[in-house]
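Novice: One structure coming up, written as structure tokens, with questions to follow.
Any read-out appearing in this document is the output of simple, stated calculations on the displayed coordinates, not a laboratory observation. Here the structure is a predicted model, which is why all the values come from computation and not from measurement. For neighbour counting, all protein chains shown are included, and Cβ atoms are generated from backbone atoms with ideal geometry for every residue, glycine included.
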Amino acid sequence: MLGDQLSTALASLRDVGRPDATVLMMEVWDEATYVRHHKKKIALIFSAMRHFAGELRDAGWRVDYVTLDDPDNTGSFTGEVVRAAERLDASAIRTVAGGEYRVRQDQETWEQRTGLPTDILEDDRFVCPLADFFTWANARSEHRMEYFYRDTRRRTGLLMTADAKPAGGKWNFDHDNRDTPPRGVNYPSPERFEPDTITRDVLALVGARFGKHFGDLEPFALPVTRAQALVGLKHFVATALPDFGRYQDAMIAGQDYLFHSSLSLCLNLGLLSPIEVCEAAVAAYERGDAPINAVEGFVRQIIGWREYIRGMYWWDMPQFATRNALKATRPLPEFYWTGETDMRCVAQSVDQTRREAYAHHIQRLMVLGNFALLAGIDPAQVSDWYLVVYFDAYEWAELPNVVGMSQFADGGMIASKPYVSSGAYIDRMSDYCGRCRYDVKKKTGPDACPFNALYWDFLARHERRFRPNARMRNMYGTWDRFGPERQAEYRASATAFLDTLEPAAKGWARG
Ligand code: FAD
Ligand code: DLZ
Ligand code: SF4
């Protein structure tokens, strides 16, 4: 059982006699360091794994749990499977397909490495089986999430009326979801959990062994058990869901979570299932406790975006990992690791990422991702950064979001146009700009918001690709109206800024 498969409903546990089977769980060095994950993320996974092993034992399973500091630990999944096969005198191996291509490749070798029949079962914790996703994807030349989402609504019956119509009369209420919170609004915060002895042991281990990795280990207050995850879900539905929709795109300094759920952590570890999370939200709608725009928006994130992203990952791997349609080669700037930049939006988002191993979707997409895309940063380096820093980052979820949605390195497989914006968007959706050393209203020059010149420079650099895109016609219309002199000023201002970027020191992401 892998570290993100912490569910008693896992396919490999089904139809197995408890006395006959041993559940193998392993903390391994290679998984913690193939990219040098955020300290909090490693602690989260180890603590959740140890708690889950205890719950399995309480439920009558025999569990063979290899800790990181076991002197015989070989440091890799395959090494540990080979060692366990002998130790346990095993006659067969059952495992659920890993969530990352790399791990899946490892699993394929286990039969040959151990000489034991090895069953690799589909991970059916997702709503859409991969075979169905591939049928959907192979049948069309464009793969927009919205149509996939509607099929998934029909498949699950979530927010569907008795006569098979979308609840509330529309499939999508996104137009109601663009507000910024007024002053004085009360922000909820996610439930926080005091570390118990198991977590404290893990914190000591991670502090000692991974001290040089990015991010703050403590304070640590994340959910590490299913019981805590359920408390977190209930708390989100009661306190944040009603306003989840309308403030979904907002960014406020000092408010790390706003009305977001932070449930990606529990969903991706297996502590909660996507359907139960959606059902809790739909129940709130049916009770009249949350409006349709909030609940539809939330359900769309989970049975729409999350399932679609996972499908696209497996559909396009292994090519996805090396895609670079815009031929972006600039190294990742050091400030992604240190937060030391005068751009307040970036500094705030990195600082929060360092403390919490969390930033919400718009910070990831329209601040940190937007900057990397505008600046032409190598998408593989951007992807490594995201994989390291977020508590919900497993490659199946991270890579399509970064390489595809955010960096357009897939050439438009996921997004119909690049997610780029000037400072004006960030100013409209956040309170970052007021206290920034740059002036968001200034377009060029050393005091101008860098996003402004970088935005036009990006459009100019990629004119051949994007001018024919109907959704970008207005942008190029504006660019044309600037005229050659103003255009040259924008481009010179962008170049001057890009020349100041310091590349990240080696070793932050990969040792
Ligand atoms: P909420 O705003 O409360 O949304 C509810 C749930 O919807 C999330 O918990 C998540 O499970 C799901 N969801 C929403 N959008 C997406 C999406 N685009 N892809 C997958 N699931 C989605 N999500 C990850 O789970 N892991 C990642 O490594 C990851 N990397 C990202 C990188 C970039 C550049 C971008 C733009 C997005 C990324 N996302 C990733 C998607 C999304 O930002 C996070 O799922 C979300 O911020 C998690 O916080 P939350 O639980 O508070 O989300
Ligand atoms: C991310 C991670 C880390 C840090 N450590 C472990 C580990 O020690 N043992 C484990 O089983 N899984 C770990 N993981 C998750 C894996 O890297 C990988 O994402 C999943 O196995 C994919 O299903
Ligand atoms: Fe970010 Fe520009 Fe606003 Fe500063 S002015 S916070 S750099 S968008």
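Novice: Of 315, 206, 22, whose Cα points farthest to the positive end of the dipole of the chain (charges on the beta-carbon: +1 Lys, Arg; -1 Asp, Glu; origin at the Cα centre)?
Specialist: 315
Novice: Compute the orientation-averaged projected area for the chain from the convex hull of its Cα atoms and round it to one decimal in nm².
Specialist: 24.7 nm²
Novice: Given contacts defined as C-alpha pairs under 8 Å and at least six residues apart, what's the relative contact order of the stretch 1-145, whole-number percent?
Specialist: Averaging sequence separation for qualifying contacts and normalising by length gives 27 percent for the stretch 1-145.
Novice: State to the nearest 20 debye the size of the charge dipole of the chain about its Cα centre, where the only charges are +1 on K and R beta carbons and -1 on D and E beta carbons.
Specialist: Numbers: 62 positive and 69 negative charges, 351 e Å.
So the dipole magnitude of the chain works out to roughly 1680 debye.
Novice: A follow-up question, please. Given bins 10 angstrom wide, list per bin the percent of all Cα-Cα distances in the stretch 275-373, short to long.
Specialist: Computed distribution, short to long bins: 13, 27, 33, 21, 6, 0.
Novice: Here's another thing I want to ask about it. Can you tell me the order of 58-66, 4-12, 136-144 when each peptide is scored by its average per-residue count of other Cβ atoms within 10 angstrom, highest first?
Specialist: For the peptides 58-66, 4-12, 136-144, the packing ranking is 4-12, 58-66, 136-144.
Novice: Could I ask something else about it? Would you compute the Debye intensity of the stretch 71-127 from its alpha-carbon atoms alone, equal scatterers and no solvent, and pass along log10 I(q)/I(0) at q = 0.21, 0.24, 0.28 Å⁻¹ to two decimals?
Specialist: -0.80, -0.99, -1.20
Novice: Taking the Cα centre of the stretch 15-63 as origin, sum charge times position over the Cβ atoms of Lys and Arg (+1) and Asp and Glu (-1), and report the length of that vector in debye to the nearest 20.
Specialist: Dipole of the stretch 15-63, to the nearest 20 debye: 320 debye.
Novice: Packing-wise, with mean Cβ within 10 Å as the measure, how do 42-52, 345-355 rank, highest first? Please list the in-between numbers first.
Specialist: On the way: 42-52: 24.6, 345-355: 22.4.
For the peptides 42-52, 345-355, the packing ranking is 42-52, 345-355.
Novice: Here's a follow-up. Mind checking which lysines have their C-alpha under 26 Å from residue 234, skipping anything on the same chain fewer than 8 residues away?
Specialist: Of all the lysines, those that pass the test against residue 234 - Cα under 26 Å, at least 8 places apart if same chain - are 40, 41.
Novice: Looking at the stretch 180-249, which trypsin sites (Lys or Arg not before Pro) are in a loop (DSSP not H, G, I, E or B) and have at most 16 other Cβ atoms within 10 Å?
Specialist: The qualifying sites are 183, 192, 212.
Novice: Also, I was wondering about something else. Place a +1 charge on the Cβ of each Lys and Arg in the stretch 154-307 and a -1 charge on the Cβ of each Asp and Glu, then give the dipole magnitude about the Cα centre in debye, rounded to the nearest 20.
Specialist: Here the stretch 154-307 has a charge dipole of around 260 debye.
Novice: Can you compute log10 of I(q)/I(0) for the stretch 382-511 with the Debye formula, treating each Cα as one identical point scatterer, at q = 0.14 Å⁻¹?
Specialist: Log10 I(q)/I(0), no solvent term: -0.80.
Novice: If I model the stretch 332-382 as equal point scatterers sitting on the Cα atoms and use the Debye formula, what is log10 I(q)/I(0) at q = 0.13, 0.15, 0.29 Å⁻¹?
Specialist: Debye intensities relative to I(0), on a log10 scale: -0.26, -0.34, -1.28.
Novice: Another question about this same structure. Given a Förster radius of 45 Å and the C-beta distance between residue 59 and residue 319 as r, what FRET efficiency does 1/(1 + (r/R0)^6) yield to the nearest 0.05?
Specialist: Between residue 59 and residue 319 the formula returns 0.65.
Novice: Let me ask something else. Among 231, 291, 90, which residue has its Cα positioned farthest towards the positive end of the charge dipole of the chain, with +1 placed on the Cβ of Lys and Arg, -1 on the Cβ of Asp and Glu, and the dipole taken about the Cα centre?
Specialist: 291
Novice: Give the shape of the stretch 7-50 as rounded, prolate or oblate, defined through the alpha-carbon gyration tensor: a ≥ b ≥ c are the square roots of its eigenvalues, a/c under 1.5 means rounded, and otherwise the shape is prolate if a/b is larger than b/c and oblate if not.
Specialist: It comes out prolate by the Cα gyration axes.
Novice: Just name one of 5, 177, 269: the one whose Cα is farthest towards the positive end of the charge dipole of the chain (beta-carbon charges, Lys/Arg +1, Asp/Glu -1).
Specialist: Value: 177.
Novice: State, to one decimal in nm², a quarter of the convex hull surface area for the C-alpha atoms of the stretch 66-189, i.e. the direction-averaged projected area.
Specialist: Result: 14.8 nm².
Novice: Now for a separate question. Among the listed pairs 417/506; 39/506; 417/443, give every one whose C-alpha distance is greater than 25 Å.
Specialist: 417/506
Novice: Among bridges DSSP assigns within the chain, what percent are antiparallel (round to 5)?
Specialist: Percent antiparallel among DSSP bridges in the chain is about 20.
Novice: If you don't mind, another one. Counting other Cβ atoms within 10 Å of each Cβ, which GluC sites (Glu not before Pro) in the stretch 364-473 have at most 11 and sit in a DSSP loop? Before the final figure, lay out each step's value.
Specialist: On the way: sites: 395, 398, 463; in loops: none.
In loop regions of the stretch 364-473 (DSSP not H, G, I, E or B), there are no sparsely surrounded GluC sites (Glu not before Pro).
Novice: Test of understanding: express the Cα radius of gyration of the stretch 326-428 as a ratio to 2.2 N^0.38 Å, with N the residue count.
Specialist: Details: Rg = 12.5 Å, N = 103, 2.2 N^0.38 = 12.8 Å.
In units of the globular-protein estimate, the stretch 326-428 measures up at 0.98.
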